[in-house]
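Worksheet for the structure shown next.
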Amino acid sequence: MFKLFLDPGHGGSDPGAVGNEIQEKDITLSISKVIQETLASEYSDVEVKMSRTGDTFPSLSQRTNEANKWGADFFLSIHINAGGGTGFESFVYPNVGVPTTTYQNIIHDEIMKVIGLNNRGKRQSDLHILRESNMPSLLTESGFIDNPFDAGKMKDPNWIQAVGRAHVKGLERAFNLQRKNPVYDVIIPNLSFWQARALVPEYEQRGYNARGVALKNYGPNEAPSENDPYQLVITTDYENAKNLVIEFKRRGYDRTYGQQN
Ligand SMILES: [Zn+2]
C-alpha cells in the first residue's frame, strides 16, 4: 500500500498568491482533487490523505504533523507561484539526495510534458513542509498567477485536468503504482473546440472522467478558436468504454474508438 499525503497549498483565510482575478488556494485545491480522484478511481493499493478537502487553512505544522503521524510514504505539496516570473518549477529540501531527487526528476519531467509553460528547473529550498516532513517530499509550483499567460492556463479546466494527471503519472512511475485493470480511453478524434467544450461537461455530469485535448499548439496569449481541432477523451473501465463507443457512434461521431490506456 502506497500512502500519499497530498497538500493543496494555502486555503481558508490564506488565499496564497492572487492575480488575474484568481486565487492560489482555489487552483491548488482543483489540481489536488484531480490527483486524489484519479488515484482513487484508476489505481490499486494507493491511499491518499489530504491536508484539506475544502476551503480551510491548516497551519504548516498541522500539515507536516499529520503526515508524520500517519506514516505517509510521500508528501506532495501543490502550489502556484507569483512574483513576476513565468513557468513551472519544483522544490526538494537542500542536499536531500536520493531517493527524493529521483522522485523529483520523474514527476517534474512528467509535468513538463503537458503543462505548456517554461521549465524553470528542479530546485531546492528550505521550506517548512520539505524540512519538517519525515518522508520524501516535493513541492510543485505550476505557473505564476500574476502572469496573464500562466493565469489563462489556470482558468482552463482541461489544463487543471492535464496538470493533475501528470502529477499522477509521475507518481505512478516514481513509485511503480499499479493500475486497476484494465483502464480504457474512449476517443473521438475529430472534433472542433466548440464540440469538445460542449461534450466535456455533459459527460462529467454523468460522472465520467472526460477531457478535451487540443490537437494544435498554442502560442503565448493565443486562445482556441471555435473550429480548432480537438479530441474528446474519456477514461473508464472496459464495460463503460464499450457502451460509450456505441453511444457516440449512434450520436453520429463515426470515428469514435476505444483503446487500452
Ligand atoms: Zn503557495
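The values are calculated or read from the model by the stated rules, or taken from the named source; none is laboratory data. As the structure is a computational prediction, the values presented were derived from the model and not from experiment. Quick reminder, even Gly has a Cβ in these numbers, built from the backbone with ideal geometry, and neighbours come from all protein chains shown. For accessibility, only protein heavy atoms count, side chains too; no ligands or nucleic acids. Shrake-Rupley method; radii C 1.70, N 1.55, O 1.52, S 1.80 Å.
Points worth noting:
- Index of the failed condition, E132 passing every other in (1) among the acidic types (D, E); (2) open to solvent by 30 Å² or more (accessible area, probe 1.4 Å); (3) within 30 Å of Y208 (Cβ to Cβ): (3)
- Scanning the range 1-42 for residues that are within 12 Å of the ligand (Cβ to nearest atom) and either farther than 22 Å from A162 by Cβ or touching a Phe, Trp or Tyr at 6+ places or on another chain (Cβ under 9 Å) (or both) turns up D7, H10, G11, D14, P15, A17, V18, K25.
- Filter result for V213 (open to solvent by 10 Å² or more (accessible area, probe 1.4 Å), at pLDDT 95 or above and hydrophobic (A, V, I, L, M, F, W, C)): no
- Of all the listed residues (G54, G16), the sole one being among the small types (G, A, S), closer than 30 Å to T236 by Cβ, open to solvent by 20 Å² or more (accessible area, probe 1.4 Å) and not in a strand (DSSP E or B) is G54.
- Some residue of the range 69-82 being within 20 Å of F2 (Cα to Cα), in a helix (DSSP H, G or I) and in contact with a helix residue (DSSP H, G or I) (Cβ under 8 Å, 6 or more places away or on another chain): no
- Candidates S61, S77, S137: the one that is modelled with pLDDT of 95 or more, among the hydroxyl-bearing types (S, T, Y) and open to solvent by 40 Å² or more (accessible area, probe 1.4 Å) is S61.
- When the range 227-252 is filtered for residues that are in contact with a Leu (Cβ under 8 Å, 6 or more places away or on another chain) and either among the charged types (D, E, K, R) or in a loop (DSSP other than H, G, I, E, B) (or both), only D228 remains.
- Only one of the numbered conditions (1) touching a residue at least 40 places away in the same chain (Cβ under 8 Å); (2) outside any strand (DSSP E or B); (3) surrounded by 13 or more Cβ atoms within 10 Å (Cβ to Cβ) is not met by A198, and that is (1).
- Helices (runs of 4 or more DSSP H) lying entirely in the range 97-178 (those with 2 or more residues that are touching a residue at least 40 places away in the same chain (Cβ under 8 Å), away from the ligand (no atom under 16 Å from the Cβ) and in contact with a helix residue (DSSP H, G or I) (Cβ under 8 Å, 6 or more places away or on another chain)): 100-115, 157-175
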